[in-house]
1. Quickly work out the Glu130-to-Gln66 label distance, labels modelled 7 Å from Cα along the C-beta direction, and quote it in nm with one decimal.
2. Mind listing the long-range amide H neighbours of Val143? Cut-off is under 5 Å, sequence gap 5 or more, other chains count too, H placed in the peptide plane at 1.01 Å from N.
3. Which value, in Å² and to the nearest 10, is the accessible area of Thr61 when all protein chains are kept and the probe is 1.4 Å?
Amino acid sequence: MTKPTFTTLLAPTDFSAGSAAAVEYALWLAGRTSATVIFYHVMEPTVYSVDFALTRPDLSTEVRQQANEMLRQLVEEARGRGISAEHVLAVGAPFAEIGRAAAERKADLIVMGTHGRTGLAHAVLGSTAERVVRLAPCPVLTVKAPPSSSNETPVAERRASGG
């Protein structure tokens, strides 16, 4: 079997704990393969009531600016580790946009977090990660969110530090 090579890793993030763990894996892998990491966030279009839209007309702009700033910080962190990185902010259905970005950017691997919901929460909310796995044009590595009560260091970070 041929050893897989990675030149482009797509790391979708919603800035949750699960995404943070996946970002660590992506950075760890990129550091060992010299791949470029593309941090990718998808804003879902939101429909507001007329009253709310009139009182907060700049909300979408604020949210976009905050997301861009968080993405920029991820890029800075990656570059501080000697890893090539960039970021993209998109609008749409996350699973569809992630698949589209992976195809357009010719990603070798998608590294993304999952919230690990089960039962009714999974049935009602669905799973972006599950949909991405089914529809992605490349392999997908899913990283389960760490237990919220744990202060455990992500595995990728422990490996990177030799621990």
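1. 2.8 nm
2. Distant-sequence amide H within range of Val143: Met112, Gly113, Thr114.
3. Near enough 80 Å² of accessible area.
The values are calculated or read from the model by the stated rules, or taken from the named source; none is laboratory data. Small disclaimer: the values here were computed from a predicted structure and weren't measured. No Cβ is skipped: glycine too gets one built from the backbone with ideal geometry, and neighbour counts run over all protein chains shown. Note: areas computed on protein heavy atoms with side chains; ligands, DNA, RNA excluded. Shrake-Rupley method; radii C 1.70, N 1.55, O 1.52, S 1.80 Å.
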